[in-house]
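Since every read-out is calculated from the coordinates, none of them should be taken as a lab result. Because the structure is a prediction, the values reported are computed rather than measured. As a convention, Cβ positions derive from the backbone with ideal geometry for all residues, glycine included, and neighbour counts pool all protein chains shown.
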Amino acid sequence: MAFGSAWARRLASVAATLMEPPPGLDFDYSHPPGVPALVAADSLSWRIFKNPVALFAGGVAAVILELAEPSVRSGVWDHSGFRCDPGLRLRRTGAAAMMTVYGPRPAAEAMIARVVALHEQVRGVNSAGRAYCANDQPLLDWVQATAAFGFIHAYHAYAAPLTRAERSRAFAEGTEAARLYGALGAPAALGEWEALLARTAPSLERSPVIGEFLSIMRSAPILPLALRPLQRLMVSAAIDLVPDELRGRLRLSRLGLSAPQRVLVRALGALGERLPLDAAPAQACLRMGLPADWLYRGGSRALSADHF
């Protein structure tokens, strides 16, 4: 029990960092009452995104995959403030994820429209000399696909195992948001993700940027100093999620979790399943007329179809 209490406090600190929006992006997800999100409250997405281990490890894994693609790498690394203030960048990304999954539909649609407009200005030439725009559909498809894979697979690996059908359902739940972003070819099932990965794999490559990104994620003051070992553990957990063949090509094979570390991360993921937080997931439940801790007691798995 002492272990659970101590790690619950640590995990709550991680969750507060990931789910606390940066200045100017504060939002009360409990209002307006009854207004649905882009995905329903009984969705797998609402279960997945409440878990801080899935958020941290899945988000980092997604970025690794994005940085392996030359044009996405150039867009992310050359046009963002990640190297200057990774904590702020992480919180902005987290706020966008919370709004996309839990926000009332009008607010989520407005946020996505602003992101699309900003991305239209992100243009350049990648390391191979090829021109790109962040709103190019193949790049959008890859970014949306890697994000979905990262969060879904992190939840499956570290929080609660999902069947293949459930993972396909989770991919499908993200297609409406993907369409709003312009990712019309984003995978709507696990098999579609696997096919996209196979088609994209030949263009994915090792880059010093990936090493720099991982170094920043291990050492930057994202979590309080006392929790920095946990931060490094979550980075290793993210590397473990990268598909085996690609992990070898990116020379990340030795940077994943040891067997004891994997057991610890799974224990933390399981703890995250029952750690109620006063954040977007709880507020969104209140907006939909559900108890604030509903997602943390398995409610999304047994919601009556006629609740809404």
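Key figures
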read-out	value
Flag for G272 being within 18 Å of E20 (Cα to Cα) and touching a helix residue (DSSP H, G or I) at 6+ places or on another chain (Cβ under 6 Å)	yes
Residues of segment 246-276 that turn out to be more than 26 Å from R9 (Cβ to Cβ), basic (K, R) and outside any loop (DSSP other than H, G, I, E, B), as a count	3
Hits in segment 192-225 (condition: farther than 23 Å from L268 by Cα, among the basic types (K, R) and assigned to a helix (DSSP H, G or I))	R199
Members of segment 75-119 that are aromatic (F, W, Y) and buried (at least 22 other Cβ atoms within 10 Å of the Cβ)	Y102
Given (1) assigned to a helix (DSSP H, G or I); (2) in contact with a helix residue (DSSP H, G or I) (Cβ under 8 Å, 6 or more places away or on another chain), number of the condition R83 does not satisfy	(1)
T17 vs. criteria polar (S, T, N, Q), assigned to a helix (DSSP H, G or I), over 16 Å from L223 (Cβ atoms) and out of contact with any His (no Cβ under 6 Å at 6 or more places or on another chain)	no
Pairs with Cβ under 9 Å, 6+ apart, first in segment 104-124 and within 12 Å of H79 (Cβ to Cβ) and without any contact (Cβ under 8 Å) to a residue 12 or more places away in the chain, second of a type outside the set (A, V, I, L, M, F, W, C) and in a helix (DSSP H, G or I)	R123/G75
Tabulated pairs, segment 226-241, first in contact (Cβ under 8 Å) with a residue 12 or more places away in the chain and assigned to a helix (DSSP H, G or I), second among the aromatic types (F, W, Y) and buried (at least 23 other Cβ atoms within 10 Å of the Cβ), C-beta under 6 angstrom, 6+ apart or interchain	M234/F56
Segment 86-126 - residue that is outside any helix (DSSP H, G or I) and β-branched (V, I, T) and, of those, farthest from P52 (Cα to Cα)	V125
V122 being surrounded by fewer than 21 Cβ atoms within 10 Å (Cβ to Cβ) and touching a Phe, Trp or Tyr at 6+ places or on another chain (Cβ under 7 Å)	no
Residue within segment 87-97 that is out of contact with any strand residue (DSSP E or B) (no Cβ under 7 Å at 6 or more places or on another chain), without any contact (Cβ under 8 Å) to a residue 12 or more places away in the chain and among the charged types (D, E, K, R) present	yes
Single unsatisfied condition, F171 versus (1) closer than 28 Å to L44 by Cβ; (2) over 19 Å from the mean Cα position of the chain (by Cα); (3) assigned to a helix (DSSP H, G or I)	(2)
Breaking point among (1) under 24 Å from L246 (Cβ atoms); (2) without any contact (Cβ under 8 Å) to a residue 40 or more places away in the chain; (3) out of contact with any Pro (no Cβ under 9 Å at 6 or more places or on another chain), for A134	(2)
Positions within segment 125-159 being buried (at least 18 other Cβ atoms within 10 Å of the Cβ), among the aliphatic types (A, V, I, L, M) and over 16 Å from the mean Cα position of the chain (by Cα), in sequence order	A134, L139
Within segment 40-80, tally of residues that are basic (K, R) and part of a helix (DSSP H, G or I)	2
Selection within segment 127-162 - part of a loop (DSSP other than H, G, I, E, B) and of a type in the set (S, T, Y)	S127
Options A183, A220, A201: the member that is within 17 Å of the chain's Cα centre (by Cα), surrounded by 13 or more Cβ atoms within 10 Å (Cβ to Cβ) and touching a residue at least 12 places away in the same chain (Cβ under 8 Å)	A183
